[in-house]
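Undergrad: Please read through the structure below; I'll follow up with questions.
Throughout, read-outs are computed from the coordinates displayed, never taken from laboratory work. Since we're looking at a predicted model, the values are computed, not measured. So basically every Cβ, Gly included, is an ideal-geometry build from the backbone, and we count neighbours across all protein chains shown.
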Amino acid sequence: MLGAIAGDIIGSSREFNPVKTTDFPLFTEDSTYTDDSVLTVAVADCILNNGRYEYFLKEYGRKYPGAGYGGMFSRWLSTSTYQPYNSFGNGSAMRVSPVGLAFDTIEEVLAQAKASALVTHNHPEGIKGAQAVAAAVFMAKGGHGKDDIREYIQGKFGYNLSRKLDDIRPVYRFDETCPGSVPESITAFLESENYEDAVRKAVSLGGDADTMACIAGGIAEAYYGGVPESIVSEVRRILDASLMDIVDEFYEKFVLPGQSPDIML
């Protein structure tokens, strides 16, 4: 989860200023957390309290109104109902990493990922995107190799993970949908050498940079065993303190009992 939040912050300055290279400053004066981080923490808080995803997502969205939500989600926040809106945007995938960390079986992970998506993104592609990312985080956490992760995601969800980033990058454009960004984000992780490399590769595609780096970063953290301390320090500096408190509480319960995530190196 911390890896997802760090990816969001790193990618935030490149969302509307895209790059097609991995050579860029990780943090700039414009680096900030966005809706990706806010809603990731909302999902984590919901899991911690055994709550209902729709209540926590709406509560956090209203508490942080300027985080950069998409139009459909913003309209959902403004309503008094909790009806989903059949979205297949990548919002369901960018917030789901806590699910892959918190639950103990792939069946639970898939069920909870679906539940977290359904409250807004009840389109089949929105559900599939959330499940694919949560499954990748779960498998990475469990020590599965990249070939196993690739094979499972392709077989279960039908995503094409055989393409190379060097072939994707020249023609790739901004795409906020699950089918148009989740496979590419997972591929960025699969081709990476370490956590930072995964995030850089996701951003380098020149697409929805904060969300794609959030997705790749969440999987990479689980696979590589943590986030570099220098990056964690920047996250702690930038992220709202109330959000960081939930992150720490989540790690104490689900990841390294009694330990803070900044020592997950």
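Undergrad: Between residues in region 17-35 that are under 25 Å from residue 92 (Cα atoms) and residues that are aromatic (Phe, Trp, Tyr) and part of a loop (DSSP other than H, G, I, E, B), which pairs lie under 8 Å by C-beta distance while being six or more apart or on different chains?
TA: Partner pairs satisfying both residue conditions: 18/174; 35/64; 35/69.
Undergrad: Consider residue 26 carefully, then state whether it is under 30 Å from residue 103 (Cβ atoms) and hydrophobic (A, V, I, L, M, F, W, C). Please lay out each step first, then the result.
TA: On the way: under 30 Å from residue 103 (Cβ atoms): no; hydrophobic (A, V, I, L, M, F, W, C): yes.
Answer is no for this residue.
Undergrad: While we're looking at this one, here's another question. With out of contact with any helix residue (DSSP H, G or I) (no Cβ under 8 Å at 6 or more places or on another chain) and not polar (S, T, N, Q) as the only criterion, which of 111, 117, 102 stands out? It would help to see each step written out before you state the result.
TA: Values: 117 fails: out of contact with any helix residue (DSSP H, G or I) (no Cβ under 8 Å at 6 or more places or on another chain); 102 fails: out of contact with any helix residue (DSSP H, G or I) (no Cβ under 8 Å at 6 or more places or on another chain).
When all the criteria are applied, what remains is 111.
Undergrad: A follow-up question, please. For residue 80, indicate whether it is over 17 Å from residue 52 (Cα atoms), surrounded by fewer than 24 Cβ atoms within 10 Å (Cβ to Cβ) and among the polar types (S, T, N, Q).
TA: no
Undergrad: Among the numbered criteria (1) in contact with a Leu (Cβ under 8 Å, 6 or more places away or on another chain); (2) surrounded by fewer than 22 Cβ atoms within 10 Å (Cβ to Cβ); (3) farther than 24 Å from residue 207 by Cβ, which single criterion is violated by residue 69?
TA: Tallying (1) in contact with a Leu (Cβ under 8 Å, 6 or more places away or on another chain); (2) surrounded by fewer than 22 Cβ atoms within 10 Å (Cβ to Cβ); (3) farther than 24 Å from residue 207 by Cβ, residue 69 fails exactly one: (3).
Undergrad: Could you tell me whether any residue of region 230-241 is under 18 Å from residue 32 (Cβ atoms), basic (Lys, Arg) and either part of a helix (DSSP H, G or I) or free of Cβ contacts under 8 Å to residues at least 12 places away in the same chain (or both)?
TA: yes
Undergrad: Something else: Which residues, taken from region 8-29, are among the charged types (D, E, K, R), in a loop (DSSP other than H, G, I, E, B) and crowded, with 17+ Cβ neighbours inside 10 Å?
TA: First, the residues of region 8-29 that are among the charged types (D, E, K, R): 8, 14-15, 20, 23, 29.
Now restrict to residues that are in a loop (DSSP other than H, G, I, E, B): 14-15, 20, 23, 29.
Once the filter is applied, which keeps residues that are among the charged types (D, E, K, R), in a loop (DSSP other than H, G, I, E, B) and crowded, with 17+ Cβ neighbours inside 10 Å, region 8-29 yields 14, 15.
Undergrad: Which of (1) crowded, with 16+ Cβ neighbours inside 10 Å; (2) over 21 Å from residue 14 (Cα atoms); (3) not polar (S, T, N, Q) does residue 178 not meet, given it meets every other one?
TA: All conditions are met except number (2).
Undergrad: Could you tell me whether residue 173 is closer than 22 Å to residue 70 by Cβ and out of contact with any Phe, Trp or Tyr (no Cβ under 7 Å at 6 or more places or on another chain)?
TA: For residue 173, the condition - closer than 22 Å to residue 70 by Cβ and out of contact with any Phe, Trp or Tyr (no Cβ under 7 Å at 6 or more places or on another chain) - is met.
Undergrad: Test of understanding: among 111, 136, which residue is surrounded by 16 or more Cβ atoms within 10 Å (Cβ to Cβ) and not acidic (Asp, Glu)? Walk me through it before giving the result.
TA: On the way: 111 fails: surrounded by 16 or more Cβ atoms within 10 Å (Cβ to Cβ).
Unique residue meeting the criteria: 136.
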